[in-house]
Amino acid sequence: MYDLVIIGGGPGGVAAGVYAARKKMKTLLVTDSFGGQSLVSNDIQNWIGTKSITGLDLAKSLEEHLRAQPGIEIVEGELVTSVSKRDGGFAVATNAGRQIETRYLLVVSGSRRRKLGVPGEREFDGKGVVYCTTCDAPLFGGKTVVVAGGGNSALEGVLDLVTYASKIYLMVRSEVLRGDPLTQEKVRSHAQGPDAKVVILWNSLIQEVRGDKFVTGVVYRNAKTDETKELPLEGVFVEIGLIPNAEFVKDLVKINDYGHIIVDGKTQQTSCPGIWAAGDVTDVLYEQNNISVGDAIKATLNIYDHFKKS
Amino acid sequence: MGNAHHVIIYTTPACVYCKKTKEFFGRHSISYEERDVATDQRARAEMVQKSEQLGVPVIDVDGAIIIGFDQKNLETALGLKV
C-alpha cells in the first residue's frame with residue numbers, strides 16, 4: 001500500500017511528487033502524459049523563472065525533475081477510471097486494469113477541452129472540426145473558418161489563424177470578450193474596417209455543424225434576435241473552455257455545479273477525509289500553472305502533516 | 001542504420017504531437033521522411049487524400065495510415081512490440 005497516490009502529471013502533480021519524495025512518503029504518480037494542458041502551447045511567457053518556454057520543453061523539464069527524485073514511482077500512459085474507499089485508504093483503478101491501494105490521494109488531474117455538443121461535431125471531428133488550433137491552423141490556408149469562444153484560447157486561436165485563413169468568424173456567446181486585454185486588442189485590430197479579416201459575431205451559438213465529406217458550414221443562432229442562419233465555411237475551431245477531470249471521484253467528494261472539486265483553500269482538503277485536490281480540477285479561482293504548483297505543494301505538505309501524526 | 005519500413009510523417013511547424021512523434025521515431029532509431037503541409041500544398045492534398053481528414057500529424061507506415069500521435073498503433077505498424 002502506498003502512502004500517497006498522485007493523479008496527474010501536469011505542473012501540480014509534478015510539484016506534489018517532488019515534495020512527497022523529499023518527505024520520504026511512499027508515493028506513486030499516475031498520469032496519461034506529462035506537461036498538462038500547456039503541452040500544446042508554443043510559447044509560455046509566464047512560467048516564473050523562465051522568460052519563454054514551449055509547452056513541450058516545460059513538459060520535459062517537469063518530467064525530468066520528477067524522475068530525478070529518489071523513491072518516486074511513476075505510471076505513465078494510463079488514466080485513472082475509478083477510486084473507491086478501502087479499509088484505511090483507497091483503491092485506485094486505471095484503464096489498463098491496474099489496481100493500486102493507497103492511504104492518501106491527491107487529485108491533480110486538471111481539465112480537458114469542452115466540446116460543442118451539437119449535431120455534426122463528432123461526425124466532422126478531424127474533417128474540419130478542430131480542437132488543436134496551433135496544430136491545424138496552417139491547414140486552413142485561404143479558407144473561411146469560425147472560432148467558437150470568447151476567452152484567451154479563442155482569441156489566441158484567431159491570431160494563429162490570421163496568417164492563414166482568408167476569413168475568420170469569432171463566435172462569442174455573450175456581448176463581451178474575456179481574455180487578456182492585450183490579446184483582445186490584437187484581435188480587434190484585425191476586425192476593423194469593411195474588409196476586415198476577422199468578424200466578431202456576438203450573442204451567437206453554433207447549433208449544428210454541416211458537411212459532406214468535410215465541413216461545409218455551421219448553423220448558428222443569435223440569442224438576442226433569435227435568428228438562425230447558416231454560414232458557409234470549412235473550419236470550425238472549438239475553444240469554448242474546459243471540463244474538470246473529476247468524474248472518477250464524483251461519488252466520494254463534493255463537487256460544484258461546474259464539476260470542480262470543492263477544496264478548503266488553506267489545506268486543499270476535499271470533503272472526503274484522505275483525499276486532497278489541487279489545480280484546475282478544483283474550484284480554484286484562477287487556472288494557472290504557477291498556482292497549481294503552489295496549491296499542490298500546499299496539499300502535499302498538509303498530507304505530510306497527517307502522515308506524521310498517524 | 002536505417003529501418004525496413006518506409007515512413008512518412010505529415011506535419012505543421014507548431015504541432016507538438018508531430019514533435020512527440022518524431023521524438024518517438026528518434027528513440028526507436030526509425031528513419032522517416034517529413035512533409036510540412038503548412039507550406040507544401042501537394043503534400044497537404046496527399047495527406048488529405050490518404051487520411052480523409054484535416055489534422056496533423058498523419059503518419060504513413062508502408063501505406064498504413066495512422067492519425068495523431070498514437071503510440072500503440074505506431075508500435076504495431078513498426079513491429080516494435082513483441
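A few remarks follow.
- Here A:Leu233 fulfils each of the conditions (1) out of contact with any strand residue (DSSP E or B) (no Cβ under 7 Å at 6 or more places or on another chain); (2) crowded, with 20+ Cβ neighbours inside 10 Å apart from (1).
- The requirement of being under 25 Å from A:Pro244 (Cβ atoms) and assigned to a strand (DSSP E or B) is not satisfied by A:Leu155.
- Qualifying residue in region A:122-143 (condition: away from chain B (no Cβ under 13 Å), buried (at least 23 other Cβ atoms within 10 Å of the Cβ) and within 21 Å of A:Arg188 (Cα to Cα)): no
- Considering residues of region A:54-68 that are modelled with pLDDT of 95 or more and surrounded by 20 or more Cβ atoms within 10 Å (Cβ to Cβ) only, the residue nearest to the other protein chains (Cβ to nearest Cβ): A:Ala59
- Flag if A:Gly17 is within 20 Å of A:Thr94 (Cα to Cα), in a helix (DSSP H, G or I), in contact (Cβ under 8 Å) with a residue 40 or more places away in the chain and not aliphatic (A, V, I, L, M): yes
- Options A:Val92, A:Val118, A:Val83, A:Val146; residue that is in the same structural domain as A:Leu161 (by TED's automatic domain parsing) and either part of a loop (DSSP other than H, G, I, E, B) or out of contact with any Asp or Glu (no Cβ under 7 Å at 6 or more places or on another chain) (or both): A:Val146
- Residue in region A:190-207 that is in contact with a Phe, Trp or Tyr (Cβ under 7 Å, 6 or more places away or on another chain), within 14 Å of chain B (Cβ to nearest Cβ) and of a type outside the set (D, E, K, R) present: no
- Which listed residue, of A:Ser33, A:Ser61, is closer than 27 Å to A:Glu239 by Cβ and assigned to a loop (DSSP other than H, G, I, E, B): A:Ser33
- When we screen A:Gly71, A:Gly97, A:Gly117, A:Gly88 for residues that are under 18 Å from the mean Cα position of the chain (by Cα) and loosely packed, with under 14 Cβ neighbours inside 10 Å, the only hit is A:Gly117.
- Residue in region A:193-212 that is touching a His at 6+ places or on another chain (Cβ under 9 Å) and assigned to a strand (DSSP E or B) present: yes
- Odd one out for A:Trp276 among (1) surrounded by 15 or more Cβ atoms within 10 Å (Cβ to Cβ); (2) in a loop (DSSP other than H, G, I, E, B); (3) not acidic (Asp, Glu): (2)
- Selection from region A:101-110 of residues that are in a strand (DSSP E or B) and either in contact with a Lys or Arg (Cβ under 8 Å, 6 or more places away or on another chain) or surrounded by 21 or more Cβ atoms within 10 Å (Cβ to Cβ) (or both): A:Glu101, A:Thr102, A:Tyr104, A:Leu105, A:Leu106, A:Val107
- Whichever residue in region B:1-25 is out of contact with any strand residue (DSSP E or B) (no Cβ under 9 Å at 6 or more places or on another chain) and among the charged types (D, E, K, R) and, among such residues, is farthest from the other protein chains (Cβ to nearest Cβ): B:Glu23
- Complete set of residues in region A:1-20 that are in contact with a Phe, Trp or Tyr (Cβ under 7 Å, 6 or more places away or on another chain) and either surrounded by fewer than 24 Cβ atoms within 10 Å (Cβ to Cβ) or acidic (Asp, Glu) (or both): A:Asp3
- Residue within region A:201-217 that is within 22 Å of the chain's Cα centre (by Cα) and surrounded by 15 or more Cβ atoms within 10 Å (Cβ to Cβ) present: yes
The values are calculated or read from the model by the stated rules, or taken from the named source; none is laboratory data. All values derive from a computational prediction rather than experimental measurement. All Cβ positions, glycine included, derive from the backbone under ideal geometry; neighbour counts span all protein chains shown.
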